[in-house]
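Notes follow once the structure below has been shown.
Values quoted throughout were computed directly from the atomic coordinates according to the rules given, and no laboratory measurement underlies them. Values in this document were obtained by computation on a predicted structure and should not be read as measured data. In this analysis, Cβ positions are derived from the backbone assuming ideal geometry, glycine residues included, and neighbour counts consider all displayed protein chains.
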Amino acid sequence: MNHKSSSSLIITALLLFALFKLGICREGRLLADDIREVPIVKGGEQEALARFAIEEHDKNEHSHLEFVRLVGVKEQAVDGKMLYLTFEANDAGKIKVYEAIVLVIPWKDNFKKVEVFKAIDDSSDGAPEQNPFNRVG
């Protein structure tokens, strides 16, 4: 190995070590972007994902929620996109507010997965600053 290639190798190794140490990289990939609020788009992907989250919840919990409207949307770039949806749904005649986190990976056969689904009243788990719906970067 010549002097130039060994110097390049050492510099690359030090740079990677520094990135891992600073927390910029983990497990060989870049960390996700901060969570940011995005405008609500009626009738678009956001609403479709809220309806998807409700369908998955209904299937798993044997309930019959009906989507009413989006209240808030936050987005985070990950290995795909994580959407933090706050919406109203009709639960046996009562309008309640729910939160869902949905992971979307379009290049993997439009993969969608509901990571979290809960009523706002159930969101008292942990401190408010630990609730991802309260974070905006």
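Students often get this wrong, so check it: of Lys74/Lys113; Lys74/Lys108; Lys59/Lys81, which have C-alpha atoms separated by over 20 Å? Exceeds cut-off: Lys74/Lys108; Lys59/Lys81.
A simple spin-label model places pseudo-atoms 7 Å from Cα toward Cβ; at Val116 and Ile40 they are separated by 1.9 nm. Peptide packing: for 79-86, 41-48, the average count of neighbouring Cβ atoms within 10 Å per residue gives the ranking 79-86, 41-48, highest mean first.
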